[in-house]
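> Could you have a look at this structure, given as structure tokens, before my questions?
Any read-out appearing in this document is the output of simple, stated calculations on the displayed coordinates, not a laboratory observation. This structure is a prediction, so every number in the text was calculated from the model and none was measured. Cβ placement follows ideal geometry from the backbone for every residue including glycine, while neighbour counts extend to all protein chains displayed.
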Amino acid sequence: MKIRCNREHLADRLAQAARAASTRANLQSAAHVRLTAESSEAPVELAATDLEMTLRVPLTADVEEPGSVLLPAKIAPELIRALNGETVELSAQDDGRVLVSAGSSSYTLYGLPVDEFPQLPEIDHEQVFETDSAVFADVVGRVKRAASRDESRPVLTGALVRFESDRITMAATDSYRLAVAEAPLSKAPPESIEAIIPVKALEEVVRLAGSDGKPLSVAIGEGLVTFGIDGIWLSVRRIEGQFPNFTALKPDGVEQSATIAKDELLEVVRRVGIVVRQNTPVRVELAPGQLSLQARTADVAEGAESIPVAATGTETIEIGFNHEFLRDGIESVPGDEVKLSLISSLRPALLESVDGAFWYVIMPIRI
Amino acid sequence: MRVLVARCSIGYSGRLTTRLASGDRIIIFKDDGSVCVHGPKGFKPINYMSGPTAMTEVDGLITIRRPETGETLLIEVEQVISDDAHGLVDTAVLEREGRELELHALLERSPHLIEEGLEILERERSTDVGPVDFLAKDTEGRIVLVEVKRVKAVVAAVEQVVRYREHIEKDAAYAGARALVVAPEFAPQARKLAERRNVECVVLDVAALYAGTEHDPTLF
């Protein structure tokens, strides 16, 4: 294998692919990026996988000799970025090592034999449909923080992604809070389809999509979901299992609610959060004319804030929330206003956008 | 995953060289490249190699090589009893109760399980002699240092909390601090030392700590 290409381009593309490489010590071959140059006509492919998520990234290069090599994912992008010269040449040696030359620099990377690289999942191009990357990214951004980080319940580490003919719905929950976002789609699959997708992979898709509105290709297969953007393909294993029936978790029988300016509420919540420690609650009291927040950390500090509001009910309800969960919920609501609805101090509370396209259920904690 | 049950002899070279004469064995080839050889008795594998590995199989001779270390396992198959491949899926993670950090988090929310009226002031309070699990205050306003053990507390746990107390009492504001070891069980020597060093032993009711009423309520 021998290729020559623009050094910056190779460094960028290697760094992109390396994000899927494994960091686990017991999977040495997966800690590499596989570079495959099939012919001088076909684009070169960089691929990496941690066996859960796989990234395939195209590279523009002049192929002098076809072939494949494995490049160490940790150092190859950094080394190539640091080299001098506009052009870099990679050539495989007989012993599997890769000679990297640019300008007056010459380095040898000790890759592994290419046949030790894990087998990559096939992309089923027949199932691919296109959708709006900006809408997808917005919806991921609104729900991702509610997903669990606890690997003992894998279903909750993913988001349920549902495509229907005219809309996308996404839901994530860690059992203490639930975020649900809906948005209209101008492009969608011919039939409704859903999958539980690891949030880590969704965040990677959003990162790849960037902000320039390129179309997003999606294929939801039996065990695998694939996203394609700008020639880059990300495949990830679907999380198997039953996602909680999230529509049944939306509270009803609201006793007291108020619509509050989001920026003002967020400012107050962030400020009162300064005196909160991880497990101490923020006390929220919603009365007919006022929303009050209080927090106290024993022997450190305490504080209270209030905002005038026009509440819909006559009750005064006092409730405790985890500060981080409350702040996440408010920050995730789109638009300028947040509607807060309470039933009682022991029942879940609801934060939602005025148009109802986003809602966030949060369990109270004892105060 | 492939499960091969076969009469075979096995040679290993790597950290040492071993030779296992002919016998009936279960050989498991896992999808991540790990290989385990089990005999008819015992729970431990006779031979094993963690993945990734590279495998070749020619005329009943299976060669498994671990490139990372250069170890090689040679299996000479004399008679195949069964040879099956299975597509197995298992995403579950072994859940263990009682991890120390989890215990800390639960105790922070329910300090009354250590002592009625106890107020946690700080978790993982750092000192020059290490972090103390909880810095707390009792109902009389005295400072309480709490060391939590998830299994049986031994002498070292008592010595640990004594060191914290000696250190923290250098600050006059903390004079007269109480020292507690909290654990589900105590070694007799630990109890004796605790008595001599004026350290209180609190037996932790783990079941109560994990009982649903002590957790924050969840949506489902």
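> Taking 0.36 nm per residue of separation and subtracting the Cα-Cα distance, what length does fully extending B:ALA208 through B:ARG7 add?
67.1 nm
> Once Rh for the stretch B:1-143 is found with the Kirkwood sum over Cα pairs, what is the Stokes-Einstein diffusion coefficient at 37 °C and 0.692 mPa s, in µm²/s?
Roughly 168 µm²/s, to the nearest whole number.
> For q values of 0.16, 0.19, 0.21, 0.23 Å⁻¹, compute log₁₀ I(q)/I(0) with the Debye formula on a Cα-only model of the stretch A:250-362, without solvent.
For the requested q values the scattering log ratios are -0.66, -0.95, -1.17, -1.40.
> So, one more: So what's the back-of-envelope 222 nm ellipticity for chain A, counting only DSSP H runs of four-plus at -39500 (n - 2.57) apiece and dividing by all residues, rounded to 500?
Taking each H run of at least 4 residues, the total per residue is -5000 deg cm²/dmol.
> Taking a virtual spin label 7 Å from the Cα of A:LYS74 along the C-beta vector, which residues in the stretch A:40-60 bring their backbone nitrogen under 18 Å of it?
Under cut-off, by backbone N: A:48-51.
> Counting Lys +1, Arg +1, Asp -1, Glu -1, what net charge surrounds B:GLU122 among other residues with beta carbon under 11 Å of its beta carbon?
-1
> Mind grabbing the base-10 log of I(q)/I(0) for the stretch A:2-116 at q = 0.15, 0.20, 0.21, 0.22 Å⁻¹? Debye formula, identical points on the C-alpha positions, no solvent, two decimal places.
Here log10 of I(q) over I(0) equals -0.56, -1.04, -1.15, -1.27.
> Using the 10 angstrom Cβ neighbour count as an exposure proxy, how do B:HIS86, A:HIS323 rank, fewest first?
The order, fewest Cβ neighbours first, is B:HIS86, A:HIS323.
> May I pose another question? With a Förster radius of 51 Å, plug the Cβ-Cβ distance of A:THR247 and A:GLU126 into 1/(1 + (r/R0)^6) and report the FRET value to the nearest 0.05.
Once rounded, the FRET efficiency stands at 0.95.
> Separate question: Working from the alpha-carbon coordinates of the stretch A:134-206, get Rg over Rh, Rh being the Kirkwood radius.
Ratio of gyration radius to Kirkwood radius for the stretch A:134-206: 0.97.
> Determine the gain in length on full extension of the stretch B:ARG15-B:LYS41; use 0.36 nm per residue of separation and subtract their C-alpha separation, reporting nm with one decimal.
6.9 nm
> For A:THR108 and A:THR23, compute 0.36 nm times the residue count separating them, minus their Cα-Cα distance, and round to one decimal in nm.
Stretched out fully, the A:THR108 to A:THR23 stretch lengthens by 28.4 nm.
> Only counting other Cβ atoms within 10 Å, I'd like B:ASP216, A:ASP299, B:ASP90 sorted with the fewest neighbours first.
B:ASP90, A:ASP299, B:ASP216
> Give me the Kirkwood hydrodynamic radius of the protein assembly as shown, using the inverse of the mean 1/r over all pairs of distinct Cα atoms, in Å to one decimal.
Mean inverse Cα-Cα distance, inverted, gives 28.7 Å.
> So how do A:LEU109, A:LEU10, B:LEU219 line up by other beta-carbon neighbours within 10 Å, fewest first?
B:LEU219, A:LEU109, A:LEU10
> Cα to Cα, under 13 Å, and not fewer than 8 places away if on the same chain: which aspartates and glutamates meet these conditions relative to B:LYS152?
B:LYS152 reaches B:GLU100, B:GLU185, B:ASP205.
> Cross-link list B:LYS44/B:LYS149; A:LYS187/A:LYS339; A:LYS144/A:LYS262; A:LYS144/A:LYS250; A:LYS144/A:LYS214; B:LYS137/B:LYS192: which exceed 27 angstrom alpha carbon to alpha carbon?
Among B:LYS44/B:LYS149; A:LYS187/A:LYS339; A:LYS144/A:LYS262; A:LYS144/A:LYS250; A:LYS144/A:LYS214; B:LYS137/B:LYS192, the Cα-Cα distance tops 27 Å for B:LYS44/B:LYS149; A:LYS187/A:LYS339.
> Restricting to DSSP loop positions (anything but H, G, I, E, B) with no more than 16 other Cβ atoms inside 10 Å of their own Cβ, which trypsin sites (Lys or Arg not before Pro) remain in the stretch B:142-220?
B:ARG142, B:LYS152, B:LYS170, B:ARG197
> Nearest 0.05, what FRET efficiency do A:ASP150 and A:GLU318 give at R0 = 25 Å with Cβ-Cβ as r?
0.25
> Could you pull out which residues in the stretch A:191-231 have an amide N less than 15 Å from a spot 7 Å beyond the Cα of A:GLU164, following the Cα-Cβ vector?
A:191-195
> Something else about it: In a shell of Cβ-Cβ distance under 13 Å around A:LYS187, excluding A:LYS187 itself, what net charge do Lys and Arg (+1) and Asp and Glu (-1) give?
Net local charge, A:LYS187 excluded: -2.
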